[in-house]
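The values are calculated or read from the model by the stated rules, or taken from the named source; none is laboratory data. Worth saying up front: this structure is predicted, and the values here are computed from it rather than measured. Reconstructed Cβ throughout: ideal geometry from the backbone, glycine too, with neighbour counts over all protein chains shown.
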Amino acid sequence: MVTRGGADNPGRQGMPYLLRAIMMSAAFVRFMGSHLATEEEAGQALGRLITDPNFAGSAGGTLTALKKFLLR
Amino acid sequence: MQSVIITGANTGIGFATACRMASDKNWHVVLACRNPQKAEGALKELRQKHPGASASILPLDLLSLRSIRDFAGRFEAQSLPPLGGLILNAGGINMKAKSLEFSEDGSNIFSNHFFGHFVLTNLLVNQLKAPVRIVSCRATCMIRRRQNGRIMPPRYGPVEDAAYGRGLYAKMPPMARYGTAKMFAMMCAAN
């Protein structure tokens with residue numbers, strides 16, 4: 001069992017440099033297909049989930065930011 | 001005015017969301033971050049982008065149950081606007097760990113993506129004032145099995161085993177851990 005966590009946990013910075021570089025490369029992101037929007041677009045979408053009255057009844061659902069916010 | 005708590009708000013999507021919420025004068029933004037220095041930097045940048053924004057910092061380490069309890073207590077003790085929004089955004093992967101890892105007070109890596117947010121939400125539930133929205137940010141990595149399932153296949157087993165890092169969950173490669181934690185979080189949100 002490895003003891004970690006707390007204030008000394010390195011988080012994302014704890015990843016090996018090469019692995020971080022691979023994960024942040026355009027080719028890897030395209031392959032994984034998960035990063036379909038910029039941080040700003042994702043932030044706008046998340047903010048709308050809190051403030052937009054149209055999403056008041058979206059409880060228990062799984063939303064795809066791309067379909068719900070960026071393509072309409 | 002209502003308060004919205006954003007976990008992992010010092011960088012990435014969390015910070016972008018904090019900026020979005022700070023632009024709305026009806027919301028007080030609470031940046032729930034593990035690293036105080038990074039949180040201070042984020043708050044400064046946020047106030048530069050949105051002068052007059054209502055925002056504050058509360059320390060939160062989702063890998064520590066003690067920190068989560070402290071956070072809930074501190075939020076209650078402060079005279080902030082009523083809590084109307086919770087954005088569960090924080091997450092990360094520790095690639096160096098060989099299996100499930102435990103912090104000093106017994107919580108493990110699942111805390112970062114699932115259990116910490118689950119505990120936090122439960123501790124804050126009495127402070128939520130309608131209208132309330134809770135948003136859980138998750139990845140689709142555990143769903144797209146044709147591509148990603150080969151790399152980070154989630155493992156389905158008893159949640160007790162996941163909590164204690166035993167049985168099926170005793171030894172897992174990092175990406176499988178990530179996918180499994182995300183799966184738990186998504187199942188929790190869906191239910």
query: Looking at the stretch B:17-44, which of its residues are touching a residue at least 12 places away in the same chain (Cβ under 8 Å), over 16 Å from the mean Cα position of the chain (by Cα) and away from chain A (no Cβ under 11 Å)?
result: B:LYS25, B:HIS28, B:GLU40, B:GLY41, B:ALA42, B:LEU43
task: Being outside any helix (DSSP H, G or I) and among the acidic types (Asp, Glu) narrows it down to one of B:ASP70, B:ASP61, so name that one.
output: B:ASP61
message: Given (1) closer than 30 Å to B:PRO82 by Cα; (2) surrounded by fewer than 14 Cβ atoms within 10 Å (Cβ to Cβ); (3) at pLDDT below 70, identify the lone condition not met by B:ARG145.
response: (1)
